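Notes follow once the structure below has been shown.
The values are calculated or read from the model by the stated rules, or taken from the named source; none is laboratory data. Model, not experiment: these values are computed from the prediction. Reconstructed Cβ throughout: ideal geometry from the backbone, glycine too, with neighbour counts over all protein chains shown. Only protein heavy atoms, including side chains, enter the accessible area calculation; ligands, DNA and RNA are left aside. Shrake-Rupley method; radii C 1.70, N 1.55, O 1.52, S 1.80 Å.
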Amino acid sequence: KVAIKGIERELICPACKELFTHPLILPCQHNVCHKCVKEILFAFEDSFADGGSESSNQSSPRIRISASSMDRIDRINRSGRKRNSLTPRSTLFPCPGCQRDIDLGERGINGLFRNFTLETIVERYRQAARAAIAIMCDFCKPPPQESTKSCMDCSASYCNECFKIHHPWGTVKAQHEYVGPTTNFRPKILMCPEHEMERVNMYCEICRRPVCHLCKLGGGHANHRVTTMSTAYKTLKEKLSKDIEYLISKESQVKAHITQLDLLLKETECNSERAKQEASHSFEKLYHVLEEKKSAALRAIETSKNVRLEKLQTQVEEYQGLLENNGLVGYAQEVLKETDPSCFVQTAKQLHVRIQKATESLKSFRPAAETTFEEFVVDTAKQEDILGDLSFHSNGLEIPEINEEQSRMYNKALIRWECPGKTDSADIYVLEYHKLNREDESVTWQKTEVCGKSKVLSDLDDDSSYAFRVRGYKGSICSPWSREVILRTPPAPVFSFLFDDKCGYNNEHLQLNPRRTSVESRAGFPLLLGSERLQVGCYTTLDYIIGDTGIAKGKHFWAFHVEAYSYLVKVGVVPSNKIQKLFHSTHDVTSPRYEQDSGHDSGSEDAFFDSSQPCTLVTLGMRKFFIPATPAAPKDPASRILPLPSCLGICLDCDRGRVGFYDAGRMKCLYECEVDCSGIMYPAFALMGSAAVHLEEAVTAKYREYHDDI
């Protein structure tokens, strides 16, 4: 029989690090105190309202919230945006157990079950821990007597006398359920948190939670596989009992493992001490080398100083000799007193040479030695880098490689890497990055530690290039740095929107996915029936669809994918005052008569086209990108046709009145033109024939975790 005091670790809340109090079961199957859930949600909502500031996460000293992604911030509170459709509100909760953002649904905390079983076990543990403290009767007059039983229906404790008084024979209360003294009162029937008047009687095998019959009939579990509560109870209890029996039967094996682990603990202690001694010896060698280099450098500086001082002192003495009645000048003055010509000439010849040299040195004064010691400056930059990378030998640790194809630069940066051997030999990775700036010669790498093989970064500047590198660590052992990879951020903040399924949407020709992030045009039987009404020489009209969010000001960027099989797709922007004209145009804008580049050379055709087009679009199709025919464009049609990038982007600058079309993979502008931004601008798309467009998915922490699981 397992001792109740041996399971304390399982009864501690991961948020407050104390025993559970009214624990709630999260969708990820972790348990958190009811009070902790509310405090975490309040702190999380505060950080959401403040734009994700870290300071707001310190509102409660009782809990500690991990750095969680703020996915909902990306779609609201941005200047110059207006919504014309609402999305259901959901509550994100940063689970302190698994460090992931858990979706609690529209009901939030009200949709969570209270874990009464865990609550009962915690209460048993509390009673075992305070066996000497008795539970007193709730109805005795002072002083109260020690209780002997507790009524589960009344949620109160009684002594024998008070129990008889409040539960007399022959009354309804006499049928109440009573147990031994306890402070843990739980309801006899578990009710559904979504349908408060219904009791749970089924178990959802998909969500792994109890549900009621209304949840199954028309709620969120309508299409889920469910079973009866009795069947689930029997099945889960049998599985748990078998697993517990198996563990108990392996008690001798567990004890053997514990003995082996104790030996490994001692061996680890010994080996760590030996490793410390070896590391200390290695660093002492470095200290000796540095001390020798230091002594040699100081000796060289001291020797050079003495030589220079000697030269300067000699020069000082020479110049002092040029003073009157002193040195050379004084000696010359004495020679001038000689009256014998022969003796004067004999002495004055050599003296005159010395006087001339002194005169020349006086005219061009130059110190005999330099006072600076620039040649003795020790350059330790390379050595500092080497010492900064000083670590234990890699011992075969593989060098990770950044995967440029799977890495993305969008609303956030998603950096992925992998090991050549496809084995995760490192325990942790360190990702470093810095912004490329030609003006700054010094490079300051920003560092972040990652447990997996991908990282989402959200603090990068727009329209900038960044260098990334990564290395792996296994304990104190690290691998060399990977090859540096340079990626560029979008030219403007990312603009989030969905396809509008109301304004002008033609559901006969276009098909939206449920999330409204993809639209497809199918050239099927309805297109053949529609072609009967077309005149000879005309093409089928385009099917337009716009975004559900408009832009009033500022600079914004969005990206999308066009399927390679697409026959004809037009992408661009349309002002709000021309949307009706776009969907109710009386003429066929794709017929040869109104085509911008139909092969005719008349300028009147281009003028009519420019004035008649309600929106600014470029043409894509058949794996090609067509640059519009403008006076600034190349005259050769072949030079205006580019390969279609795998991901396209559009940058709209309302303040400057310009729109650019980008290769979103390389963030390179393919074409840019002026656009009238007097009204609210909407993303516009047009499809004809078989074609499909998929909006680029925003980078979030959930996106990274989901793909890591795959």
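Going by the structure shown, is K234 at pLDDT 85 or above, open to solvent by 80 Å² or more (accessible area, probe 1.4 Å) and under 21 Å from I189 (Cα atoms)? So K234 passes the test. Restricting A638, A607 to those that are outside any strand (DSSP E or B), at pLDDT 75 or above, out of contact with any helix residue (DSSP H, G or I) (no Cβ under 6 Å at 6 or more places or on another chain) and surrounded by fewer than 17 Cβ atoms within 10 Å (Cβ to Cβ) reduces the list to A638. Taking first residues from segment 173-184 that are basic (K, R) and partners that are in a helix (DSSP H, G or I), the Cβ contacts under 8 Å between residues at least 6 apart in sequence or on separate chains come to K173/H166.
Among what's in segment 318-357 and is small (G, A, S) and at pLDDT below 75, pick the residue that is nearest to R308 (Cα to Cα). Restricting to residues being small (G, A, S) and at pLDDT below 75, the top hit is G321. Of all residues in segment 188-200, those that are under 15 Å from V226 (Cβ atoms) have Cβ atoms under 9 Å from Cβ atoms of residues that are among the β-branched types (V, I, T) and surrounded by 15 or more Cβ atoms within 10 Å (Cβ to Cβ), 6 or more apart or on another chain, in C192/V200; C192/V211; E194/V211; V200/V211.
Among all residues of segment 116-124, there is at least one that is at pLDDT below 80, open to solvent by less than 70 Å² (accessible area, probe 1.4 Å) and not assigned by the TED database to the domain that holds K553. Residues that are modelled with pLDDT of 75 or more and hydrophobic (A, V, I, L, M, F, W, C): does segment 82-92 have at least one? The answer is yes; a qualifying residue exists.
Looking at segment 277-296, is at least one residue free of Cβ contacts under 8 Å to residues at least 60 places away in the same chain, under 18 Å from F373 (Cβ atoms) and not basic (K, R)? Checked segment 277-296: at least one residue is free of Cβ contacts under 8 Å to residues at least 60 places away in the same chain, under 18 Å from F373 (Cβ atoms) and not basic (K, R).
With respect to the stated conditions, C538 is at pLDDT below 90 and open to solvent by 50 Å² or more (accessible area, probe 1.4 Å). For segment 646-680, a tally of residues being under 26 Å from the mean Cα position of the chain (by Cα) and crowded, with 20+ Cβ neighbours inside 10 Å returns 8.
Out of V307, V254, one residue alone is within 42 Å of the chain's Cα centre (by Cα), β-branched (V, I, T) and either farther than 30 Å from T347 by Cα or surrounded by 11 or more Cβ atoms within 10 Å (Cβ to Cβ) (or both). It is V254.
Please work out if I399 is assigned to a loop (DSSP other than H, G, I, E, B) and surrounded by 12 or more Cβ atoms within 10 Å (Cβ to Cβ).
yes
Is it the case that segment 109-125 has a residue that's assigned to a loop (DSSP other than H, G, I, E, B) and over 28 Å from K17 (Cα atoms)? Checking segment 109-125: not a single residue is assigned to a loop (DSSP other than H, G, I, E, B) and over 28 Å from K17 (Cα atoms). Evaluation of G219 against the conditions (1) surrounded by 10 or more Cβ atoms within 10 Å (Cβ to Cβ); (2) assigned by the TED database to the domain that holds G330 shows that the sole unmet condition is (2). Count of segment 546-569 residues, restricted to those that are buried (at least 19 other Cβ atoms within 10 Å of the Cβ) and more than 20 Å from A698 (Cβ to Cβ), is 3. Of all residues in segment 337-370, those that are free of Cβ contacts under 8 Å to residues at least 24 places away in the same chain, surrounded by 11 or more Cβ atoms within 10 Å (Cβ to Cβ) and outside any helix (DSSP H, G or I) total 1.
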